[in-house]
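Worksheet for the structure shown next.
The values are calculated or read from the model by the stated rules, or taken from the named source; none is laboratory data. Quick caveat: nothing in here was measured; it's all calculated off a predicted structure. Cβ sites come from the backbone with ideal geometry, for glycine too, and all protein chains shown count toward neighbours. The area values use the complete protein model at the heavy-atom level, side chains included, leaving out ligands, DNA and RNA. Shrake-Rupley method; radii C 1.70, N 1.55, O 1.52, S 1.80 Å.
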Amino acid sequence: MSAATPAPAGAVPPLAPLHRRAPAEPGPPRPCTLPDGSPGWLVDRYADVRQVLSDSRFGRAGLYLQDGPSRSQAAGLVDDPELMFNQDGVEHLRLRRTLRRAFTPRAVARWRPWIASIVDQLLDDLSARSGPVDAVAEFTLPLPVAVISRLMGLDASVRGRMRHWSEHAFSDGTRPKDEVDAALAEFTAFGARLLAQRRRAPGDDLVSSLVRAADAEGGIPEDRLVSLVCGLVAGGHDSTMTMLGNSLLYLLAERPEEWPRLADEPSAELAAARLIHLIPLGDDPGSTRCATEDAEVGGILIPAGAVVLADSTTANRDPSVFPAAQTEALFTPLPAPTLAFGAGPHYCLGAWLARLELHLALHRLAVRFPGLRLAEPEKPVRWRPAGTSRSPERLPVTW
């Protein structure tokens, strides 16, 4: 599928796939204008972004103080001050401890057999079709939905609402506010009911584990636990769906000659790591932090109270760390850890799970369908609307 078709005069040009996004040349920390029009600081070199994301002098909670700095007012779950991502210090650590053991590499490795069985069942269903089929509807969406549903012990009746809630939880601000508010109210009520159910009848699932850990920790406000549950439901499938859809688009449209190599599992694992690094989840210019005190970054003093935009996408292309000649070297190990999952105390808890799902999905898909190809390569991509992440709304494939 192509996004290079010229737009008619006066029309909005089509969005290019995210793997074609050419980041700016990274430079020293410098003043910038934030997306909401307020002043801030841009940090986009690898070492500088890593420092800002890891340094306790740059936090998220300060963005939500009543007299705090201006920030983007995008609607959705991501702007909830009770969300774990928007907590700092002790409060953040207490929430994180309730889940940390569940997402260690060792814990995720134990899930591999049943995740593989979900992948194989979806591929069995695909192989029974004659094609072409929509890979989004039949694979890239149902896979992460099934995985997070099993992890959290969610029944099938919830799955139909999961995408609705996530689309509004990760709204980019273009959806009507009353529509977002209504969806999030329903989502929050679901999260509260789920926590109450697991307290009454705990099981062998992630939510029950969260309840036990939170009770042992003590003193965690219920609204923060509800936000945590909703964040797991939404983030637990949206990011993987996005990564998988964008990866398939890139591989089948730009690198079809490499597709058969993914049938080799070590090659698929290397490629998954590279694809996560290469393709951002969306067009977001970066992650914001608030400086709680004066701090020097890259030889530049950033004053207390400043809002800092840490551009991980540009940092992941910093030629001083990631040689330009290797940008699209699918089967070469990365020379440094990717910033795609962040860094420091807010490093994504689900990183190992996302890696495993992407790696298994691509590998087993290539084994079963070595001739997989785009069914409509000449058509422009139709993107999912009004979300902070971006991936194909549909991706017709055949074999």
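DSSP H helices in the chain with Cα extent of 30 Å or more along the helix axis and mean Kyte-Doolittle hydropathy at least 0.5?
TM-like helix candidates: 222-254.
Rounded to the nearest 0.05, what FRET efficiency do GLU265 and GLN121 give with R0 = 22 Å and r taken as the Cβ-Cβ distance? Could you check?
0.70
For ALA109 and GLU179 in the same chain, what is the full-extension length gain: residue separation times 0.36 nm, less their Cα-Cα distance, in nm?
Going from the current span to full extension adds 21.3 nm.
Using alpha-carbon positions, what is the distance between the centroids of the range 139-200 and the range 218-252, in Å?
The range 139-200 and the range 218-252 have Cα centres separated by 10 Å.
Using the scaling law 2.2 N^0.38 Å as the reference, what is the normalised Cα Rg of the range 318-382?
Computed over Cα atoms of the range 318-382, the ratio equals 1.49.
Set the Förster radius R0 to 56 Å, insert the Cβ-Cβ distance between ASP215 and LEU15 as r into 1/(1 + (r/R0)^6), and round the FRET efficiency to 0.05.
The formula returns an efficiency of 0.75 here.
Please compute, for the alpha-carbon atoms of the range 172-232, the extent along each of the three principal axes and give them in descending order in Å.
40, 21, 15
Can you give the accessible area of VAL367 in Å² (nearest 10), computed on protein heavy atoms with a 1.4 Å probe?
Looks like 80 Å² after rounding.
Tell me which of LEU372, LEU122, PRO392 sits at the most positive position along the dipole axis of the chain, charges placed on C-beta atoms (Lys, Arg +1; Asp, Glu -1).
LEU122
Between ASP36 and SER320, what length comes free when the chain is fully extended (0.36 nm per residue of separation minus the Cα-Cα distance, one decimal in nm)?
99.2 nm
Quick check for you: with a 1.4 Å probe and neighbouring chains kept, what is the accessible area per residue of the range 255-322, in Å²?
38
As a test of the definition: which semi-axes, in Å, follow for the range 184-304 when you take the square root of five times each eigenvalue of its alpha carbon gyration tensor? Largest first, please.
Computed over the range 184-304, the values are 35, 27, 14 Å.
Over the range 264-307, what is the mean sequence separation of C-alpha contacts under 8 Å (at least six apart), divided by residue count, expressed as relative contact order in percent?
Over the range 264-307, the number comes to 27 percent.
Treating the range 252-321 as a set of equal point scatterers at the Cα positions, no solvent, please give the Debye-formula log₁₀ I(q)/I(0) at q = 0.14, 0.21, 0.23 Å⁻¹.
-0.65, -0.99, -1.08
Under a Cβ-only charge scheme (Lys and Arg +1, Asp and Glu -1), can you give me the dipole magnitude of the range 198-284 about the Cα centre, in debye to the nearest 20?
320
Relative contact order, percent, of the chain when contacts are C-alpha pairs under 8 Å separated by at least 6 residues?
It comes to 30 percent, rounded to a whole number.
Cα gyration tensor of the range 211-277, axes a ≥ b ≥ c as square roots of the eigenvalues: rounded (a/c below 1.5), prolate (a/b > b/c) or oblate?
prolate
Take every Cα-Cα distance within the range 274-371, group them into 5 Å bins from 0 onward, and report for each bin the whole-number percent of pairs it holds.
Calculated P(r), rounded to whole percents: 2, 10, 16, 19, 19, 14, 9, 5, 2, 2, 1, 0.
So how exposed is CYS32, as accessible area in Å² (1.4 Å probe, rounded to 10)?
Accessible surface of CYS32 is approximately 30 Å².
Given the peptides 135-148, 380-393, arrange them by the average over their residues of other C-beta atoms within 10 Å, most packed first.
135-148, 380-393
What are the extents of the Cα atoms of the chain along their three principal axes, in Å, largest first?
Here the spans come out as 59, 54, 43 Å, largest first.
How large a share of the accessible area of the range 356-399, in percent, is made up of carbon and sulfur atoms when the probe is 1.4 Å and the other protein chains stay in place?
52
How far apart, in nm, are the 7 Å Cα→Cβ label points at ARG159 and THR327?
It is 3.9 nm.
Distance between the C-alpha centers of the range 309-336 and the range 105-125? Whole Å please.
29
Can you give the extra length, in nm with one decimal, that the chain gains between ARG199 and VAL367 once fully stretched, where that is 0.36 nm per residue apart less the Cα-Cα distance?
Computed gain between ARG199 and VAL367 is 56.2 nm.
Could you tell me which of rounded, prolate or oblate describes the range 70-156, using a ≥ b ≥ c as the square roots of the eigenvalues of the alpha-carbon gyration tensor, with rounded for a/c under 1.5 and, failing that, prolate when a/b is larger than b/c and oblate otherwise?
Judged from the Cα gyration tensor, the range 70-156 comes out oblate (a/c at least 1.5, b/c at or above a/b).
GLU393 versus VAL90, label points 7 Å from Cα toward the beta carbon: distance in nm?
4.9
Rounded, prolate or oblate: which fits the range 121-244 when a ≥ b ≥ c are the square roots of the eigenvalues of the alpha-carbon gyration tensor, with rounded for a/c under 1.5 and prolate only if a/b beats b/c?
oblate
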